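Novice: Sharing a structure, written as structure tokens. Questions coming.
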Amino acid sequence: MIIEAEDLHKSFKANKAVGGVSIAIDEGETVGLLGPNGAGKSTTLNLLLGLVSPDSGSVRVFGESIRRLSADTKRAIGFVPQDFAFFPELSGLANVTYWGRLYGLRKRALDTAVRDALEFTGLWERRKDAAKTYSGGMQRRLNISCGIVHNPKILIMDEPTVGVDPQSRNHILDSVRTLSAGGATVVYTSHYMEEIQALCDRVVIMDGGKVVADGALEKVIRDNTNERVVMLETPSPGAARDTVDQLVRNEIVATPQADVEDSTVVLRVAADLDFNDFASRVLALGLTLESISEKRPSLETVFLNLTGKTLRD
Ligand SMILES: Nc1ncnc2c1ncn2[C@@H]1O[C@H](COP(=O)(O)OP(=O)(O)OP(=O)(O)O)[C@@H](O)[C@H]1O
Ligand SMILES: [Mg+2]
């Protein structure tokens, strides 16, 4: 484990932001941290980074206590904060150079790293312009260049794609994939479920300062889905209604479980349903069906089940 956090608690005055979070991250993992606004995601990341001290609990990075990290370990960590970490009046080049220097890079190594970081996010052409003249998406990308200039082994990103255009978003997602394929350990928070599903092999869901689910993406989805959806395509809306009647009459479903949308019957079934057995019982009725298929449960549904909230506010 390269990051080990145990039973972290952190309150701001009477407000408990983080209430007993434990999380262990292995080298090379890409972990998506999800949660509604105010769930405690940023506070958790700040605790993992040692930027905020916990009221109780501990954090170890590469086996060292976060309170006494060696210079080498500090340099192995990169952070892309939710709020911009660059100076708006300075050029992109000056900003990334500033961060590179802070991480101990000098001379040729610094120049090369700065160029790589700006090329990586597609900003090299605009390096001489003041950061405040960049578009929102370019500013997000500059924020990333500042966090990765020293080629960190652990990269912690807090909402790196919030408010960016689709083109910058794709560029950012590709960058994260490249870093992750290069062996970096990535912890990534986002409000966009599709990003987490596309990037991460593990998901941690937080709500009210606590971890409410943690595991491989597919497993978290499977374990937290209490109903599944089966779709029966029929030739017409009339045939669809007829199909529902038959299913009810043969006691395969109860009426409230079945809906008709155009010529499709949408059935809500128990999570432990044996799909093949169910399909053969339906087919045995001799109905005219064009197809019978199962709708894959999404992270969105799981999130809603666990937190009672949708992610977009
Ligand atoms: N520096 C601070 N001072 C006071 N309260 C804070 C501070 N930082 C966070 N909080 C509070 O702690 C709680 C958790 O905040 P946090 O920023 O960690 O949530 P989040 O999950 O990152 O939310 P978002 O999705 O909006 O970024 C919130 O109620 C917030 O108001
Ligand atoms: Mg946050």
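Rule-based calculations on the coordinates, nothing more; no lab input. Note that the structure is a prediction, hence the values are computed from the model and not measured. Heads up, the Cβs are rebuilt from the backbone with ideal geometry, glycines too, and the neighbour counts pull from every protein chain shown.
Novice: Using the structure shown, list the pairs from 107/153; 41/74; 13/41; 41/107; 74/128 with a Cα-Cα distance above 26 Å, or answer none.
Specialist: Violating the 26 Å Cα-Cα cut-off are 41/107; 74/128.
Novice: A follow-up question, please. For the chain, find the longest principal axis of its Cα atoms and tell me its angle to the long axis of helix 92-102, 0 to 90°, nearest 10.
Specialist: 70 degrees
Novice: Take the alpha carbon gyration tensor of segment 24-68, find the square roots of its eigenvalues, order them as a ≥ b ≥ c, and report rounded if a/c is under 1.5; if not, report prolate when a/b exceeds b/c, else oblate.
Specialist: Note, shape of segment 24-68 comes out oblate.
Novice: Still on this structure, I have one more. For residue 53 paired with residue 275, estimate the spin-label separation in nm (one decimal), with each label point 7 Å from Cα along the Cα-to-Cβ line.
Specialist: Going by the 7 Å Cα→Cβ label model, 5.3 nm.
Novice: So how strong a dipole does segment 227-295 carry about its Cα centre when Lys and Arg Cβ are +1 and Asp and Glu Cβ are -1, to the nearest 20 debye?
Specialist: 100 debye
Novice: Please name whichever of 238, 69, 226 sits farthest to the positive end of the charge dipole of the chain, dipole taken about the Cα centre and charges placed at Cβ: Lys and Arg +1, Asp and Glu -1.
Specialist: 69
Novice: Also, I was wondering about something else. Residue 104: net charge of surrounding residues, Cβ under 13 Å, Lys/Arg +1, Asp/Glu -1, itself excluded?
Specialist: Within the 13 Å Cβ shell, the charges total +4.
Novice: What share of the DSSP beta bridges in the chain is antiparallel, in percent to the nearest 5?
Specialist: 70 percent
Novice: If you take every residue apart from residue 44 with its C-beta less than 11 Å away from the C-beta of residue 44, what net charge results, scoring Lys and Arg +1 and Asp and Glu -1?
Specialist: Result for the local shell: +2.
Novice: Once you have the alpha carbon radius of gyration of segment 227-295, what is it after dividing by 2.2 N^0.38 Å, with N set to its residue count?
Specialist: Normalised Rg, Cα atoms only: 0.97.
Novice: Then there's this: What number results when the radius of gyration of segment 25-127, computed over Cα atoms, is divided by 2.2 N^0.38 Å?
Specialist: This ratio for segment 25-127 stands at 1.25.
Novice: If I take every Cα pair under 8 Å that is 6 or more residues apart in the chain, average their sequence separation and divide by the length, what percent do I get for the relative contact order? Write out the running numbers ahead of the final one.
Specialist: Details: 578 pairs, mean separation 60.7, N = 313.
Result for the chain is 19 percent.
Novice: Please work out whether segment 86-179 counts as rounded, prolate or oblate from its C-alpha gyration tensor, where a ≥ b ≥ c are the square roots of the eigenvalues and a/c under 1.5 means rounded, while otherwise a/b larger than b/c means prolate and anything else oblate? Walk me through the numbers on the way to the answer.
Specialist: Numbers: a/c = 1.78, a/b = 1.22, b/c = 1.46.
Oblate shape, in that a/c is at least 1.5 and b/c is the bigger or equal ratio.
Novice: Around residue 82, what is the net charge, scoring Lys/Arg as +1 and Asp/Glu as -1 over all other residues with Cβ under 13 Å from its Cβ?
Specialist: -1
Novice: Next up: Which log10 I(q)/I(0) values does the chain give at q = 0.07, 0.08, 0.12 Å⁻¹ under the Debye formula, counting every alpha carbon as one identical point scatterer?
Specialist: -0.38, -0.48, -0.85
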